[in-house]
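Where a number appears in this text, it was derived from the coordinates with a stated rule and is not lab data. This is a predicted model, so every value here is computed, not measured. Here the Cβ positions follow ideal geometry from the backbone for every residue, glycine too, while neighbour counts run over all protein chains shown.
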Amino acid sequence: MKPFLLLVILLLAGPAYSADDFFSAPKPVAFGDSAPTFLPVEEAYQSQLLWNEQNLLLNWTAAEGYYLYKERFAIKASLNGKPVDIATDFDAGKLKQDPNFGETEVYYHGTSITLSELPPNPFTLSVTSQGCADAGLCYPPQTQYYHVDPQQRLVNQTDSTSTTTRSVTLSGETEGNHALWLILLFAALGGAILNLMPCVFPVLGLKVLSFTNTNEGSPLKHGFIYSAGVVSSFVLVAGVLIALQQAGQAIGWGFQLQTPWFVALLASLFFVLALNLFGLFEIGGSWMNVGSDLSRDKGYRGSFFTGVLATVVASPCTAPFMGTAVGFAASQPAFIALLVFAFIGMGMALPVLLLTLFPTGLRKLPKPGNWMITLRQLLGFPLLATAIWLAWVIGRQTGANGMAITHLTWLLIGFGLWLHGHGKKILAALTIIASLAGLVISLNSPSSESKLASDQFNKSEIQRLRENGQNVFLDVTADWCITCAANETLVLNTKTIRDAFIKHNVHYLIADWTRYDPAITALLAEYQRNGIPLYVYYPADLSATAIMLPQVLTKPMIIELLNR
């Protein structure tokens with residue numbers, strides 16, 4: 001099933017690139033957090049220099065969501081103005097794909113640095129450090145100065161950092177604003193790429209085709225109304241996320257697809273839309289507007305609800321660049337989170353809006369004719385393929401019974417539409433409503449739970465495998481994750497990578513998030529991710545640092561990692 005869906009994706013969407021190669025995803029916290037966006041540098045990072053027998057111990061603490069770069073530490077000692085050598089011993093950090101320095105070691109929460117081989121006479125110690133916040137702010141390097149007297153075992157910090165601290169706060173605000181605009185750009189790019197997904201592209205195509213039958217000037221209004229429908233729908237989704245997270249739910253992007261009855265309703269919607277495009281029945285102009293006069297009031301309503309529909313059918317799709325934007329939104333106050341989702345909607349609405357702003361592109365479309373009917377029917381096949389894929393996801397979540405119930409619902413919906421075509425509108429409505437209600441009740445019952453507790457992810461398995469001398473490649477995935485399916489089909493499940501895993505003694509461990517699993521949710525939070533996929537490589541050496549990989553994988557990337 002995944003290879004079949006992947007073929008449709010590749011034909012319509014082409015290659016995908018992840019923003020995680022350029023900007024790290026922030027650690028998810030409550031959307032409604034009212035704390036300041038960024039802390040002053042002296043509150044974000046605090047240090048203490050203490051004597052430990054004959055050595056000095058430099059202890060650092062970092063606030064939650066902030067980290068320090070290991071390679072940015074510069075510790076120097078000078079005696080009478082001349083540099084002297086001292087030994088430094090750093091703790092192991094955590095490898096991170098950082099937006100500023102690439103893959104580098106960082107310290108979350110804090111670290112300790114041991115300074116030894118100190119000169120016997122009083123000397124001056126300078127400690128330069130640099131840190132960043134997960135939400136996007138990167139502070140300029142800071143330097144602290146100490147006067148150290150080894151004979152008296154005294155340490156005094158000088159006052160030369162006060163001016164620097166004030167300038168850092170001002171500079172940090174500017175950097176934070178730049179980071180926000182970068183995130184908003186990623187959000188818009190991710191929303192624009194959503195239009196190429198197989199579940200959204202047919203709706204977009206039909207909307208563009210409808211412009212060929214409109215009078216000059218009217219498409220501009222419909223473009224704005226369609227955009228308003230898309231943006232308002234994305235903001236509504238963000239509002240639901242905020243409400244659920246403030247209620248204590250540890251959820252992220254795609255959480256709705258962990259609910260079988262929602263997936264079943266979405267699959268049924270795709271099924272109905274596919275039947276409509278095949279011409280088996282007609283949905284009113286307020287849905288698709290194909291061949292209708294868009295200058296009428298119901299046409300304007302139709303443009304708005306087409307935008308809503310496009311957002312609904314985009315639920316199973318996660319485009320590149322969206323992971324970074326959604327993850328950033330999860331660490332921000334409600335206003336910023338809503339702004340990020342609004343920009344995702346703007347990006348998704350942008351192609352249609354551009355066609356209405358520059359009508360010369362519309363004039364290049366062929367005149368209405370039989371080709372529109374053929375293309376409309378052709379666009380129905382990606383929707384039907386997506387419906388079948390979602391039915392398979394339901395089967396994975398609930399077993400064969402859940403898939404059968406979904407297919408039975410499709411049968412009853414089809415029967416209801418047939419009744420509607422024969423003038424039995426009331427009976428048709430009752431049939432469709434009863435079938436959908438039965439679907440929700442059946443898939444929402446405890447008996448539909450097919451996954452046992454023993455099937456849930458157990459993080460201790462990673463430790464057990466490493467203690468047994470095996471390297472571990474962790475793949476956090478889900479059946480409804482399209483990016484996951486692409487990575488597994490094109491990279492992870494290929495003979496090249498499987499042979500490389502065997503050669504390098506790598507255990508391929510899968511954490512399946514198709515249904516909600518609190519252990520996987522906690523693991524995502526540990527790695528500052530708000531969604532999937534997540535790939536982490538754990539060396540067999542327990543003292544070695546785990547390596548987090550980008551969301552889009554390639555074979556050379558995996559081979560290089562294993563050879564290292």
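For the peptides 479-490, 123-134, the ranking by mean Cβ contacts within 10 Å, running from highest to lowest, is 479-490, 123-134.
Shape call for segment 375-503 from the C-alpha gyration tensor, a ≥ b ≥ c root eigenvalues: rounded (a/c under 1.5), prolate (a/b greater than b/c) or oblate? Cα axes put segment 375-503 in the oblate bin.
Protection proxy ranking, highest mean first, for peptides 499-508, 412-421: 412-421, 499-508, where packing is the per-residue count of other beta-carbon atoms within 10 Å, averaged. Coupling constants for segment 258-263 follow from the phi torsions by the Karplus curve (6.51 cos²θ - 1.76 cosθ + 1.60, θ = phi - 60°), and in residue order they are 8, 9, x, 5, 5, 4 Hz; glycine and proline get x. The H on the amide N of His507, modeled in the peptide plane, is under 5 Å from the matching H of Asn471, Val472, Phe473, each at least 5 residues off or on a different chain. Here the extension length gained between Lys503 and Gln151 equals 121.1 nm, from 0.36 nm per residue of separation less the Cα-Cα distance. When peptides 393-401, 542-550 are sorted by average Cβ neighbour count within 10 Å, with the highest value leading, the order is 393-401, 542-550. Spherically averaged projected area of the convex hull of Cα atoms, segment 77-130: 4.9 nm².
A straight chain from Gln377 to Ile441 at 0.36 nm per residue would run longer than the Cα-Cα distance by 19.7 nm. 3J(HN,Hα) couplings calculated from phi for segment 39-50 with the Karplus curve 6.51 cos²θ - 1.76 cosθ + 1.60 (θ = phi - 60°) are, in sequence order, 7, x, 4, 6, 8, 5, 9, 10, 10, 8, 9, 10 Hz; Gly and Pro show x.
Residue-wise HN-Hα couplings along segment 479-488, as the Karplus relation 6.51 cos²θ - 1.76 cosθ + 1.60 with θ = phi - 60° gives them from phi, are 5, 8, 8, 5, 4, 4, 4, 5, 4, 5 Hz; Gly and Pro carry x.
Computed over segment 453-563, the percent of Cα pairs more than 24 Å apart is 20.
Annotation: amide H-H contacts under 5 Å for Gly531 (H modelled 1.01 Å from N, sequence separation of 5 or more, or interchain): none. For the pair Phe90 and Ala429, the difference between a 0.36 nm per residue extended length and the Cα-Cα distance amounts to 115.1 nm.
Across the alpha-carbon set of segment 41-160, the Rg to Rh ratio works out to 0.98, Rh being the Kirkwood radius.
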